[in-house]
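**Student:** So that we are looking at the same thing, I have put the structure below in structure tokens.
The values are calculated or read from the model by the stated rules, or taken from the named source; none is laboratory data. These numbers come from a predicted model, not from an experiment. Positions of Cβ are generated from backbone atoms using ideal geometry, with glycine treated the same way; all protein chains shown enter the neighbour counts. Quick note on the areas: whole protein, heavy atoms, side chains included, nothing else; ligands and nucleic acids left out. Shrake-Rupley method; radii C 1.70, N 1.55, O 1.52, S 1.80 Å.
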Amino acid sequence: MAELVAAQLRKRIIGGDLHDGDELPREADLVEEFSVSRPSLREAVRILETEGLLRIRRGKLGGAVVQAPTSESAAYHLGLTLQSRAATVADVAAAREILEPMCAGLVAGLVGPARQDAIDTLDALVDDNTVEIGKSYEFTSCALQFHKAIVELCGNTSISIVTSALESVWSSQERQWAVRRSAGGNYPDARYQRGVVKAHRRVVSLIAAGDALGAIEAMREHLQKSQPYVGDQGASVEVLESDI
């Protein structure tokens with residue numbers, strides 16, 4: 001019975017009948033609606049909490065609150081799966097070199113206002129990154145926003161969600177690396193950082209020209225040059241929830 005109730009509530013969350021941040025109806029109301037015992041209902045809630053679709057709020061104003069699925073929640077579970085398989089940083093980098101350039105090509109293939117909006121967004125992010133040259137963690141964080149935007153703007157929902165999850169896992173590794181290098185005083189110098197900004201500008205210029213193949217190749221070349229800087233490529237992926 002708990003599985004059946006969980007399936008119905010899951011369907012409402014996925015279908016949008018229950019929105020992110022909504023509270024589930026009172027326990028008594030759900031017991032009556034589904035004609036189940038309180039233990040069965042509580043087990044159904046526990047199932048959905050384990051799946052990350054509900055969070056339990058404690059205290060006087062306690063209750064079950066809906067957490068709609070997001071790219072971030074998908075990324076966290078992907079990261080844990082990769083970690084359980086002892087996937088390496090190099091393994092994630094190789095996957096990123098396949099998927100992210102394709103996203104850049106898709107952005108270049110957008111037409112009309114969609115492509116112009118993407119160009120404006122990416123231009124602004126490159127400008128922001130330029131301001132951070134000479135810094136360390138801040139530069140990395142800003143650069144990652146550019147890559148995240150390329151994926152989110154690609155125009156294909158399935159590719160965007162799958163690649164965003166992988167991108168978040170990679171970003172977690174790169175942020176940890178930036179923290180370590182910053183603390184050790186050996187973060188890559190301004191010359192390297194200017195090279196990153198130049199590579200980003202090149203990708204945007206090719207997108208603006210509608211050159212999908214050029215954007216793919218430019219992004220792949222950039223990743224091949226920049227990703228080896230990020231720590232020990234043979235190290236296993238380590239996911240921190242705070243970085244997802």
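**Student:** Those residues that are of a type outside the set (Asp, Glu), more than 14 Å from GLU49 (Cα to Cα) and in contact with a strand residue (DSSP E or B) (Cβ under 9 Å, 6 or more places away or on another chain), I need them from the stretch 13-30; list them, please.
**Tutor:** Within the stretch 13-30, LEU18, HIS19, ARG26 qualify.
**Student:** Right, something else. Could you list, in sequence order, all residues of the stretch 167-180 that are open to solvent by 20 Å² or more (accessible area, probe 1.4 Å) and either more than 16 Å from THR81 (Cβ to Cβ) or modelled with pLDDT of 95 or more (or both)?
**Tutor:** Listed by number, the residues that qualify are GLU174, ARG175, GLN176, VAL179, ARG180.
**Student:** Can you confirm whether the stretch 115-134 contains a residue that is closer than 23 Å to VAL196 by Cα, open to solvent by 50 Å² or more (accessible area, probe 1.4 Å) and assigned to a loop (DSSP other than H, G, I, E, B)?
**Tutor:** Taking every residue of the stretch 115-134 in turn, at least one turns out to be closer than 23 Å to VAL196 by Cα, open to solvent by 50 Å² or more (accessible area, probe 1.4 Å) and assigned to a loop (DSSP other than H, G, I, E, B).
**Student:** Restricting to the stretch 53-62, count the residues that are open to solvent by 30 Å² or more (accessible area, probe 1.4 Å) and under 30 Å from ALA165 (Cβ atoms).
**Tutor:** Residues flagged as open to solvent by 30 Å² or more (accessible area, probe 1.4 Å) and under 30 Å from ALA165 (Cβ atoms) within the stretch 53-62 amount to 4.
**Student:** Shifting gears a bit: Identify all residues within the stretch 36-46 that are closer than 25 Å to ASP20 by Cβ and open to solvent by 20 Å² or more (accessible area, probe 1.4 Å); write none if there are none.
**Tutor:** Of everything in the stretch 36-46, those that are closer than 25 Å to ASP20 by Cβ and open to solvent by 20 Å² or more (accessible area, probe 1.4 Å) turn out to be ARG42, GLU43, VAL45, ARG46.
Conditions (1) open to solvent by less than 30 Å² (accessible area, probe 1.4 Å); (2) within 20 Å of GLU152 (Cβ to Cβ), marked per residue:
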| position | (1), (2) |
| --- | --- |
| ASP17 | no, no |
| LEU30 | yes, no |
| PHE34 | no, no |
| GLU51 | no, no |
| LEU80 | no, no |
| LEU99 | no, yes |
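**Student:** Which one of CYS142, CYS154 is farther than 15 Å from LEU223 by Cα and in a loop (DSSP other than H, G, I, E, B)?
**Tutor:** Answer to the check: CYS154.
**Student:** Just name the residue that is surrounded by the fewest Cβ atoms within 10 Å (Cβ to Cβ) out of those in the stretch 82-97 that are without any contact (Cβ under 8 Å) to a residue 40 or more places away in the chain and part of a helix (DSSP H, G or I).
**Tutor:** Only one residue tops the list, namely SER84.
**Student:** Sort out which residues of the stretch 5-15 are surrounded by 12 or more Cβ atoms within 10 Å (Cβ to Cβ) and over 22 Å from the mean Cα position of the chain (by Cα), and write them in order of number.
**Tutor:** Listed by number, the residues that qualify are VAL5, ALA6, ALA7, GLN8, LEU9, ARG10, ARG12.
**Student:** Looking only at the stretch 135-166, count how many residues are of a type outside the set (Ser, Thr, Tyr) and either open to solvent by 30 Å² or more (accessible area, probe 1.4 Å) or on the phi > 0 side of the Ramachandran plot (or both).
**Tutor:** 11
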